[in-house]
Amino acid sequence: MERFIKWLVLGISIFITSNISAQWGINGGCDFSSLTNCGESKIQTGFHLGATYDIPLNSNFYFQPGLLFTSNGFNFQTSFYSEKKSVKMYALEVPLNFSFSPKLGKNFKLITDLGLYMRYGLFGNKEFKYLDETIKESSFVAYNRPDIGLNFGLGLGYKRMALIGSYQLGLTNAEKDISGMRHKKIRVTLRYLF
């Protein structure tokens, strides 16, 4: 796996440096993350901020690698015995999207994205607050640092700016000891291309 990632990064680097008409951009926005297959999981609001690189493949298709600093996490339903249950993680994320962006008139574009993301947790905490005790520890004691999943997005571009709504669905297990629980996220992104 490590060898594959090295070759992937090398290939993307060569492709990026050889494409003159590509554009750098910055993006950021709001995330609403949770877990699949977990009835107690509730949405946690977060953020993402980073850079993107739009590489035209033809007049309407683009390859868009990026690098983001993002928050990821979820809350659990509280009960009479618990006041707070939350897991917060901060990670580096590499989205690898293919985008179909046909023009809608002179200045507008429809944006449809499909791709993968790879995310690696850097730091975070898990806090469960009960009536008689509080448990605080690293979120990575129970949850996995790496996460790989799918990106689906739809948006509208105007000149150099774009507003994109997207959905992420994890393909790897979120928790170390329980299979089937995966990360899911709704994301609203504002992007500007230079």
Taking the range 135-162 and keeping only residues that are among the aromatic types (Phe, Trp, Tyr) and open to solvent by less than 40 Å² (accessible area, probe 1.4 Å), one is left with Phe140, Tyr143
Which members of the range 72-107 meet the condition of being aromatic (Phe, Trp, Tyr), under 25 Å from the mean Cα position of the chain (by Cα) and either at pLDDT 90 or above or not in a strand (DSSP E or B) (or both)?
-> Tyr90, Phe98, Phe100
Would you be able to tell me the number of residues in the range 58-70 that are surrounded by fewer than 18 Cβ atoms within 10 Å (Cβ to Cβ) and either in a strand (DSSP E or B) or touching a residue at least 40 places away in the same chain (Cβ under 8 Å) (or both)?
-> 4
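This table checks each residue for (1) modelled with pLDDT of 90 or more; (2) out of contact with any Phe, Trp or Tyr (no Cβ under 6 Å at 6 or more places or on another chain); (3) over 24 Å from Lys184 (Cβ atoms).
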| site | (1), (2), (3) |
| --- | --- |
| Arg3 | no, yes, yes |
| Thr17 | no, yes, yes |
| Ile20 | no, yes, yes |
| Asn27 | yes, yes, no |
| Phe32 | yes, yes, no |
| Leu49 | yes, no, no |
| Thr52 | yes, yes, no |
| Pro65 | yes, no, no |
Looking at the range 96-141, which of the residues that are β-branched (Val, Ile, Thr) and in contact with a strand residue (DSSP E or B) (Cβ under 6 Å, 6 or more places away or on another chain) is farthest from Leu193 (Cα to Cα)?
-> Ile135
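Being buried (at least 18 other Cβ atoms within 10 Å of the Cβ), under 19 Å from Glu40 (Cα atoms) and not aliphatic (A, V, I, L, M): is that true of Gly124 here?
no
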Determine whether the range 84-91 contains at least one residue that is open to solvent by 10 Å² or more (accessible area, probe 1.4 Å) and over 17 Å from Lys184 (Cα atoms).
-> yes
Do you know which of the residues in the range 39-49 that are surrounded by fewer than 18 Cβ atoms within 10 Å (Cβ to Cβ) and not basic (Lys, Arg) is farthest from Ser179 (Cα to Cα)?
-> Leu49
So which residues in the range 174-194 are surrounded by 13 or more Cβ atoms within 10 Å (Cβ to Cβ) and in contact with a Gly (Cβ under 7 Å, 6 or more places away or on another chain), if there are any at all?
-> Arg182, His183, Lys184, Arg187, Val188, Thr189, Leu190, Arg191, Tyr192, Leu193
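The values are calculated or read from the model by the stated rules, or taken from the named source; none is laboratory data. For clarity, every value in this text was computed on a predicted model and none was experimentally measured. No Cβ is skipped: glycine too gets one built from the backbone with ideal geometry, and neighbour counts run over all protein chains shown. Remember, those area values only see protein heavy atoms, side chains included, never the ligands or the DNA or RNA. Shrake-Rupley method; radii C 1.70, N 1.55, O 1.52, S 1.80 Å.
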